[in-house]
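These notes concern the structure reproduced below.
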Amino acid sequence: MVHNGAKLEKGITMTEQTPYEVEEQNIRFDVVEFAENPEPRCPCILLLDCSGSMNGKPIQELNNGLRAFQQQLSSDDLASKRVEVTVVKFDTDVEIINEFETAENFTPKPLEANGLTSMGRAIERAVNLLEQRKAVYKANGISYYRPWIFLLTDGEPTDDYTNAMEAVHEGEKNKQFAFFAVGIQGANMDILRQISVRQPLPLQGLNFTSLFQWLSNSMSSVSRSSLDAEIALESPSGWAKI
């Protein structure tokens, strides 16, 4: 995928192109991407709380967990071609850290912690990103599995989360995506239960590595199943307080 300001051709940056030229360039990149890898896609958005309360050991362990996630997914030949990951961090702002890319190309970028907890905007952004990505799949004739949105937070929203909650409930009802919420120590589990249709799970300590290993195994299982099939996930007892 193309990043703002990234070099597209020698001497030309995205910011120097007209909107029409940028759209045409994106289309060409998509065509090449899916021509080289026409496998069905299993999109997964990681919504990661990087507010100030995550500073220190929590953000270090989160970064370690992301690296373990990348290593395990990329070691699975099929999942590495089918699972697409995007990382969205939220603090005072909401920022896409890694755009959608297959696990074989996914390289997590180091996260830093500061600011507030714009969780409502982050969830809305994730839902919109999925709709945009599904449109790209359809335009290129690529089938896809039910997407996942995976939220990690150690606090509660400092913005309005009403629209986000409604979007999650509507998306789950229509099977547009599966939404999972994990509360790190200090998270407001009552609010997470309002937002998520599924029971949110509290993380044991800072056991991010086990959590992301579970997520990797789950995504691998999904990527090997039939489209729209219901699969039994491993118990999260190794990292969650059940």
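The values are calculated or read from the model by the stated rules, or taken from the named source; none is laboratory data. Remember, it's a predicted structure, so these values are computed and weren't measured experimentally. Note: ideal-geometry Cβ built from the backbone for every residue, glycine included; neighbour counts use all protein chains shown. Note: accessible area is taken over every heavy atom of the protein model, side chains too, but ligands, DNA and RNA are not part of it. Shrake-Rupley method; radii C 1.70, N 1.55, O 1.52, S 1.80 Å.
By how many nm would the segment from residue 105 to residue 64 grow when fully extended, if each residue of separation counts as 0.36 nm and the alpha-carbon distance is taken off? This chain segment gains 13.0 nm when fully extended.
Per-residue ellipticity at 222 nm computed for the chain from its helices equals -13000 deg cm²/dmol, with DSSP H segments shorter than 4 residues left out and the rest contributing -39,500 (n - 2.57). Listed values for the stretch 91-105 are Karplus-derived 3J(HN,Hα) couplings in whole Hz (6.51 cos²θ - 1.76 cosθ + 1.60, θ = phi - 60°), namely 9, 5, 10, 10, 9, 7, 8, 10, 7, 3, 8, 5, 4, 5, 10, and x replaces Gly and Pro.
Axis angle, to the nearest 10 degrees, between helix 57-74 and the longest C-alpha principal axis of the chain: 50 degrees. The smallest convex shape that holds all Cα atoms of the stretch 146-242, its convex hull, gives 93 Å³ per residue. Rg and Dmax of the stretch 60-102, based on Cα coordinates, read 11.9, 37 Å.
Based on Cα atoms of the stretch 26-118, Rg over Rh with Rh as the Kirkwood radius reads 1.04. Computed over the alpha carbons of the chain, Rg followed by Dmax gives 17.7, 55 Å.
Look at the alpha carbon pairs under 8 Å that are at least 6 residues apart: their mean separation over the length of the chain gives a relative contact order of 22 percent. Only protein atoms count toward the accessible area here, which uses a 1.4 Å probe; on the chain, the carbon and sulfur part of that area reaches 47 percent. A Cβ-based charge dipole, computed about the Cα centre of the stretch 40-168 with Lys and Arg at +1 and Asp and Glu at -1, lands at about 560 debye. Restricting the chymotrypsin sites (Phe, Trp or Tyr not before Pro) of the stretch 134-242 to loop positions (DSSP other than H, G, I, E, B) with no more than 12 neighbouring Cβ atoms within 10 Å leaves nothing.
What whole-number value in Å² describes the accessible area per residue of the chain for a 1.4 Å probe? Spell out each step's value before the answer.
Numbers: 11460 Å² over 242 residues.
For the chain, the solvent-accessible area averages 47 Å² per residue.
Both numbers refer to the Cα atoms of the stretch 66-205; Rg and Dmax are 15.2, 44 Å.
For the stretch 148-188, the calculated P(r), taken from all Cα-Cα distances in 10 Å bins from zero up to the bin holding the longest distance, is 27, 51, 21, 0 percent.
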